[in-house]
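I have placed the structure first, in the form of structure tokens, so that the comments after it can refer back to it.
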Amino acid sequence: MSSNTQKPVLIIGGTGVVGSRAAKTLRRLQPALPITLGVRNLEKAQALARELGNADAVRVDLERRDLGLPETASFSAVVALLKDETLNSMKYAQAKGVPYIPFSDFVFDIGPAVALHIQHPDRSAVLMLGHFLGGTTALATLHFAREFRRVDSIEVSAVFDSDDVGGPAAQGDMERVTKGVPSPLLLKDGKFLWAQGADVEREFVGVDGTKWRGRAYPLLDVVSLPAETGARSVRLDFAVRDAASRPAGQGPSHEVIIEITGERADGTTGPVRHELVDPDVHSGMSARGVAFAVERLLGLAGGPPVKPGLYHPERLLDPAYVVARLQEFGTRIRRQ
């Protein structure tokens, strides 16, 4: 175990909807790991720090390369749970020589972070986590894909509850997608395309049989899953359920449908469908992905501390391990 793991993890945006849950999940997984919440509102963060235990809060200024922190400040990793357009959080991690996790980078805006890593490849382990649900969906997909000799296509669909659309950071991410990049990326018949017209939307069937019309979304799963599986078609589509349409007495939940088509181990071909349903909704599942990533980078689970490099979650985390942990946290999985 690296001595770095005795230093606190700096979670920037640690009091947000996903950030607070990520901190609580990390505390559950690693009771002894110190946590520092990097925020703008210290009062709110200090209350969460007291609840977590072995935690504190600091005010972070993303306009400054030193984040406005004392020169003596020392951390084991830096996690950015909001879009840092300055990349000062990454520069800070590189200067300190500690791992870095950017959570809010879509497939269309990772270029600056990749370029910064190429400039300083030996300083930090950079885990790109702009995947759906903090990488947990991609890892579950890869676990399910193990029953195939050949994967031809992967279609991931999700139904969000209207009461689970996230906080200000998530709302800002959604605005960047809908206004800045109206054409989502997908892989179709072996070609990456910025979807237009009919390709933008796709109809899918939800867990309860409801038909949904989802819109494609440009997350990093679209590029990492074909790189890992060789699939010729990959896309993610999301729909939103209005709270009024929920069955009586049912609270918010999140459902993910993973449909893989290819040649199975027994030589037959066709689709296999897996359904994931979680009452802790989208933000809870995302938080688990962040926590799994942090403990893996620090060498607290799944192997030694990760060396400097540029990573996707599937290169560091074992898919079977992640699926088992999701189920322990309450995710229900059904194969069809």
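The values are calculated or read from the model by the stated rules, or taken from the named source; none is laboratory data. Since this is a predicted model, take the numbers as computed values, not measurements. Ideal geometry is used to build each Cβ from the backbone, glycine not excepted, and the neighbour counts take in all protein chains shown.
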Residue by residue through segment 202-250, note down the ones that are modelled with pLDDT of 95 or more and of a type in the set (Asp, Glu).
Glu203, Asp221, Glu228, Asp237
Tally up the residues in segment 46-95 that are touching a residue at least 24 places away in the same chain (Cβ under 8 Å), in a helix (DSSP H, G or I) and either in contact with an Asp or Glu (Cβ under 8 Å, 6 or more places away or on another chain) or closer than 24 Å to Met128 by Cβ (or both), please.
8
Do any strands (runs of 3 or more DSSP E) lying entirely in segment 248-336 carry at least 1 residues that are assigned by TED's automatic domain parsing to the domain that holds Leu82 and of a type in the set (A, V, I, L, M, F, W, C), and which ones are they?
309-311
Answer with yes or no whether Lys24 is at pLDDT below 95 and either part of a loop (DSSP other than H, G, I, E, B) or out of contact with any strand residue (DSSP E or B) (no Cβ under 8 Å at 6 or more places or on another chain) (or both).
no
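Do the conditions hold for Asp280, that is, is it of a type outside the set (Val, Ile, Thr), over 19 Å from the mean Cα position of the chain (by Cα) and surrounded by fewer than 22 Cβ atoms within 10 Å (Cβ to Cβ)? Let's see the steps before the verdict.
Numbers: of a type outside the set (Val, Ile, Thr): yes; over 19 Å from the mean Cα position of the chain (by Cα): no; surrounded by fewer than 22 Cβ atoms within 10 Å (Cβ to Cβ): yes.
Against the criterion (of a type outside the set (Val, Ile, Thr), over 19 Å from the mean Cα position of the chain (by Cα) and surrounded by fewer than 22 Cβ atoms within 10 Å (Cβ to Cβ)), Asp280 does not qualify.
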Please determine whether any residue of segment 9-16 is touching a residue at least 40 places away in the same chain (Cβ under 8 Å), assigned to a loop (DSSP other than H, G, I, E, B) and within 21 Å of Pro304 (Cα to Cα).
no
